1. Through the Karplus equation 6.51 cos²θ - 1.76 cosθ + 1.60, θ set to phi - 60°, convert the phi angles of the range B:114-121 into ³J(HN,Hα) values in whole Hz; use x for Gly and Pro.
2. Classify chain B as rounded, prolate or oblate from the Cα gyration tensor: take a ≥ b ≥ c as the square roots of its eigenvalues, call it rounded if a/c is under 1.5, otherwise prolate when a/b beats b/c and oblate if not.
3. What distance in nm lies between label points placed 7 Å from Cα along the C-beta direction at B:Val243 and B:Thr196?
4. Could you compute how much accessible surface B:Cys115 exposes when probed at 1.4 Å, giving the result in Å² to the nearest 10?
5. Can you give me the angle between helix B:197-212 and the longest principal axis of chain B, using Cα atoms only, in degrees from 0 to 90, rounded to the nearest 10?
6. Which of rounded, prolate, oblate describes the range B:212-357, given a ≥ b ≥ c as roots of the alpha-carbon gyration tensor eigenvalues and a/c under 1.5 marking rounded, otherwise prolate only if a/b is larger than b/c?
7. Below 8 Å, C-alpha to C-alpha, sequence gap of six or more: please give me the relative contact order for the range A:43-323 in percent.
8. Could you work out how far apart the two model spin labels at B:Met136 and A:Gln95 are, taking each label as a point 7 Å from the Cα in the direction of the beta carbon, and quote it in nm?
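The values are calculated or read from the model by the stated rules, or taken from the named source; none is laboratory data. For clarity, every value in this text was computed on a predicted model and none was experimentally measured. For neighbour counting, all protein chains shown are included, and Cβ atoms are generated from backbone atoms with ideal geometry for every residue, glycine included. For the accessible areas, the whole protein counts, side chains as well, though only heavy atoms, and no ligand, DNA or RNA atoms are used. Shrake-Rupley method; radii C 1.70, N 1.55, O 1.52, S 1.80 Å.
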Amino acid sequence: MAITSTESAAVAPRRGMNVLFSLTLIGLLFALWIALGIGTASFWTPLNISNLLRQGAMTAILAVGQTFVIITAGIDLSVGAIVGFSTVVMAWLLQAGFPLWVAIVATLLVGVAIGAFHGFGIVRMGLPPFIITLATLTSLRGVGLLITNGSTISITNEAFTNFARADFLGIPSLFWMVILIAVPAYVFLHLSRWGRYLFAVGSNSEAARLSGVNVNRTIYMAYILSASCAAFVGILLASRIGIGNATQAEGWELQAIASSVIGGTSLFGAVGSVHGPLIGAFILATINNGANLLNVNSFWQRIITGLLIIVIVYFDQLRRRGSR
Amino acid sequence: MSRLEEIAHRHDDALLSEGSRVPTGAPILELKGLQKNYGYVQALKPATITFLAGEVHAIVGENGAGKSTLIKLLTGVIPRTAGEVLWCGHPVELATPNEAIARGINAVHQEVVLCPHLTVAANLFLGDEVNQYGLMRKKQMEKMAQSVLDDLGFGLPAGAPLGALTIGQQQLVATARAAMRGTQFLIFDEPTAYLTRQESAQLFKLIRRLQGEGVTIVYISHRMEEVFELADRVSVLRDGTHVGTRNIGETNETELIALMINRSIEQIYHKEEIPIGQPILETRGLSGPGFEDISLTVRAGEIVGLYGLIGAGRSEFALGVYGRQPVSAGEVYWMGKKVQIRNERTAMDLGIALAPESRRDQGLCLNLPIGLNINLPVFNRLSRGPVLSRSDEAANADRQIRDLSIKTPSRRVLASSMSGGNQQKIVIGKWLSHGARLFIFDEPTVGVDVGTKAEIYRLFAKLLREGAGIILISSYLPEVYELADRLHVFRGGRLVGSHDFHAASHEDVLAQAIGV
């Protein structure tokens, strides 16, 4: 049975659609920037732009980690708690007199351990991702409060706390951290076989297993990456606010999930990218930033974010239905 | 008036009664140039078919011929691209499933779409419960349901949860449900695929009875004998084109198959004389979940057929050999050496490939591109260091698509948009690109059209010529009977009979499988 000429002449619809969706998102981001530039005098000031980049940076990194997990058709609710807990670990280690690099490596390893625990709970104990990460969400906050006895630990290491305020080549160092994470994340998800395995496990784990994919290892990997990203963000946050406090980053897991979903990730798994969540995170940051500049009641920001999620995901659904 | 009609008459509203006014033999539903495109693909080319009130109208065609598209158009699941539908002489939109149902057009699908946790009665009345003072009359509904079931002679308990029934019984319930809604036009989509002979007979009785009450039946099936038993007229689809409609008395099987495939039926079972070589795999007393004490040998150049009813332990045995299920006892020898296969990777590295039973649940990542599915077992070979070679990836996928003539515009198309036959080719393509000495094909031709079947059988011969061995698992006796060099019969997890090619009769093999 030969392929007819009409069929082979047809272009691949899927890739075109994805590019279109990414362009729409970037367009939305630019439209917001232009509108805010016209609507407010202070939006396009260097100070505000670097503020915006700092605000968006941490959500963006969390969203990238979260996306790995969501692509496997899982969810990581614990990332906000891990951020808060990591600030405590960081501050505690510095207070105890460990060198800075030891504190950073140790905090990252704590992230790896938490992610591995999630993998263990899902793979070995058979718990749903929602449950195991919900459990760590609440207990990590508790552990952090126990360590600090409910108070905060100040960080006195100047070099460390200056980092978050520093610029490099005129761009905030926090935004450089996004690039530091995003480039290897892109290579990992889109250019390596491990990325392909994440998609395969999210689409049909049994088919992946029977094709020789180590499904358990893939799941461990996704949750370890997500938790490590969160621990990394915890280090950045500790640098930014100069304290360790277990109640920090309340609700950031929802911001991360929202960014990921706005960026085109499907909560049913097997659909997602690295660039989508990054754009999603900066769209959310822009809305928050703009609302501040426009003196909109901060409660409205939450409502707008909610509406935006509905609108964008709805349009994405329409697009998918149309291409079917 | 029967109980069924009595209940159906609860629905005597204006829309519904329209259909029942059409006299038997007059056109009830007319398709005029009905057409459906998915992007560049013409799933249904302009079709003009007339359905007459009170007839059983069969629709036959290979997979991907456009039968499912036609059903979806008629039941309002998808919108048409062009053309007209006349219902009782008036143009209708059929834009939503509700509109179709309100006019009296219903479908009974191959896979039952009801709620398995609710009782049979609750399912029969679902969305249409009998209420009084805003509360459900559970007892009354159960009684009514039971009287309908008894009336139809099904002998099913109305109070049992639907999930406790067999698939076949559930299908009977689905049919009764459609009949209770005062249906005028009922579409059956390959209803007997999962039914036992007895259940099929009950279903046919019900179909004849509905026909007697003036209901128009559209019957879609692969099985020619059913078409000739039931239908008054038959329409044939091929590659999305309506190629003809015949009165059943004026046609025969040969003509229909010729219309469907344009190719002779003898060419389907393709078997070559291939010398049989050394043993590749030998199991001795292998036991595991669902199978016990299985000893058999597969040699190079040989097809070993495993026949049995569904649940006889054949697939479980295959999963055990492949390392997906733990083996509790027995030994496996690979090329004469004793091996332990603990996981799928070990099996693959030895040279075992498994095309599993269910394409949807085990074989494919449906919402991912065809290319990714084909490359899934071989990504480790397509990587240079940590990064994949995109050109190797494309080349490998495109080669399989070309070699197997998978009908797709691109490797980036999602596997879910392919027909059953093409999906099976994707699964096979996975393992051809990986390569193996032993191929296990579990029900490779279920839901696959005749043309693709023939291609798959020719592919078997090619693999055998290259020195591979094949385990062919099938519930379709002619397939294993005509192809297998050695045929093993499974029943209740045990091997109950082994025969050389054509050494036993069909009847003997069947009797062993059933256990009479």
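1. Couplings: 10, 9, x, 8, 8, 6, 4, 4 Hz.
2. Working: a/c = 1.96, a/b = 1.60, b/c = 1.22.
Because a/c hits 1.5 or more and a/b exceeds b/c, chain B counts as prolate.
3. So the label points at B:Val243 and B:Thr196 sit 3.7 nm apart.
4. Ignoring ligands and nucleic acids, B:Cys115 comes out at about 50 Å².
5. That works out to roughly 30 degrees.
6. Values: a/c = 3.42, a/b = 2.28, b/c = 1.50.
Prolate, because a/c is 1.5 or more and a/b exceeds b/c.
7. Values: 481 pairs, mean separation 105.3, N = 281.
After rounding, I find 37 percent.
8. 5.8 nm
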